[in-house]
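Take a look at the structure set out below.
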Amino acid sequence: MAEHVQAALDQMVPPLRDLMDRNIFSEKEVKAIVARRRESEYLLRRLTARKADFLRYIEQEMALERLRELRSLQRKRDHRKSQREAGDDDDDENRADPTKEKEHIGDVHIVQHIHLLFVRAIRKFRSDLSLHLQHAEFCKQQKSFTRLGRVYAEALQIFPRQAGLWIEAASHEFFGPTRSIQNARVLLQRGLRLNENSEELWLEYFSLELHYAQTLKGRRQILQQTDLECQSHNVMETSKEEYRIPAIVLKSALKAIPNSVRFRLQFMDTCKRFPCTEFLMEMIQESMKNDFATEPESWIARALYEAERQGGSCSINVQEGGPGAEDENVPGEPPVKKAR
């Protein structure tokens with residue numbers, strides 16, 4: 001075991017020497033880093049390695065990376081200050097700044113080491129979902145989006161029944177830097193094949209298609225320089241065309257989970273977050289009328305929808321006598337007649 005630990009420490013020599021040569025860390029601090037890492041490596045290579053040892057090692061490295069970032073930023077500020085005091089202009093400053101010449105091996109070393117620690121921890125504790133989620137969160141913080149995709153792919157192979165993982169992976173594909181609706185659809189469709197009765201997955205797939213429809217609508221408005229407001233005379237036909245795919249997803253979801261009023265009401269709540277989705281809400285109301293004609297919850301939901309659609313209100317407004325007016329007739333007593 002000692003040979004393996006020493007080999008791992010030998011690989012850390014060039015990046016640590018680079019950090020020391022650039023005065024990010026002093027020689028004393030580097031020696032302390034090596035001693036701490038040696039101790040942690042011995043703990044991780046025991047026959048009965050503990051998850052707490054991995055997490056403690058990772059937390060220490062994260063703190064070290066935050067310190068490196070602060071000192072690197074301070075070094076850049078000091079360099080710019082010295083350039084301004086020397087009277088150089090901004091162009092000369094940018095050319096003379098040694099921090100912009102190239103990427104140093106020490107700048108990426110700690111982040112790469114943390115990724116490696118996560119990989120080792122997941123290999124040791126494959127059934128622990130929290131490790132995968134922590135690794136994914138670290139990838140987001142460091143903007144390591146390529147590695148993030150691999151983290152999600154590995155986690156989904158181990159936990160295919162976790163609907164939240166499918167949703168996070170699809171959100172990364174659609175809302176991330178790639179903005180790929182195709183990859184997001186593929187992920188959610190795979191998740192639904194494995195979890196056909198997952199209400200959460202169906203709702204997120206429906207919401208994803210609504211988001212994409214709104215994106216296409218915004219692009220079309222910019223390119224054509226037209227206003228497609230909901231008050232236009234052909235809004236219903238336009239909405240049906242724009243939300244054709246969400247309507248298909250809605251029908252498939254209601255077919256997969258046909259016996260839940262609450263599930264359909266959740267679709268209603270999702271539609272209310274997007275403009276011009278009245279015809280989708282009409283579809284949901286019609287399905288509730290046909291499938292749950294005797295359910296009180298369905299009747300209440302349909303009545304509230306009609307009241308909202310027509311601008312009705314359940315509140316009673318007292319217009320005569322003012323807000324503090326009291327009834328002149330006391331219960332249990334004959335009415336008081338007013339003198340003419």
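Observations, loosely collected:
- Among (1) open to solvent by 80 Å² or more (accessible area, probe 1.4 Å); (2) within 22 Å of L208 (Cα to Cα); (3) of a type in the set (A, V, I, L, M, F, W, C) - the single one A136 does not satisfy: (1)
- R120 falls short on exactly one of the conditions (1) open to solvent by 40 Å² or more (accessible area, probe 1.4 Å); (2) under 29 Å from R185 (Cβ atoms), and that condition is (2).
- Checking the range 238-256 against the condition returns no match, with no residue being part of a helix (DSSP H, G or I), touching a residue at least 24 places away in the same chain (Cβ under 8 Å), of a type outside the set (D, E) and more than 21 Å from L208 (Cα to Cα).
- Scanning the range 15-26 for residues that are free of Cβ contacts under 8 Å to residues at least 40 places away in the same chain and in contact with a helix residue (DSSP H, G or I) (Cβ under 6 Å, 6 or more places away or on another chain) yields a count of 1.
- Test: residue in the range 143-163 that is part of a helix (DSSP H, G or I), farther than 30 Å from I245 by Cα and not β-branched (V, I, T): yes
- For D97: the one exception among (1) open to solvent by 40 Å² or more (accessible area, probe 1.4 Å); (2) modelled with pLDDT under 85; (3) in contact with a helix residue (DSSP H, G or I) (Cβ under 7 Å, 6 or more places away or on another chain): (1)
- Failed condition for G191, given (1) open to solvent by 10 Å² or more (accessible area, probe 1.4 Å); (2) in contact with a Ser or Thr (Cβ under 8 Å, 6 or more places away or on another chain); (3) not hydrophobic (A, V, I, L, M, F, W, C): (1)
- Within the range 1-39, the only residue that satisfies the criterion of being among the acidic types (D, E), open to solvent by 80 Å² or more (accessible area, probe 1.4 Å) and closer than 16 Å to V108 by Cα is D21.
- Listed by first and then second residue, the pairs linking a residue in the range 191-219 that is of a type outside the set (S, T, Y) to a residue that is exposed (fewer than 14 other Cβ atoms within 10 Å of the Cβ), with Cβ atoms under 7 Å apart and 6 or more places separating them unless they lie on different chains, are L194/R161; N195/R161.
- Filtering the range 145-165 for residues that are under 13 Å from the mean Cα position of the chain (by Cα) and farther than 24 Å from E61 by Cβ leaves a non-empty set.
The values are calculated or read from the model by the stated rules, or taken from the named source; none is laboratory data. Just so it is clear, the structure is predicted and the values come from calculations on it, not from any experiment. Neighbour counts run over all protein chains shown; Cβ positions are idealised from the backbone, glycine included. The accessibility values were calculated without ligands, DNA or RNA, using every heavy atom of the protein model including side chains. Shrake-Rupley method; radii C 1.70, N 1.55, O 1.52, S 1.80 Å.
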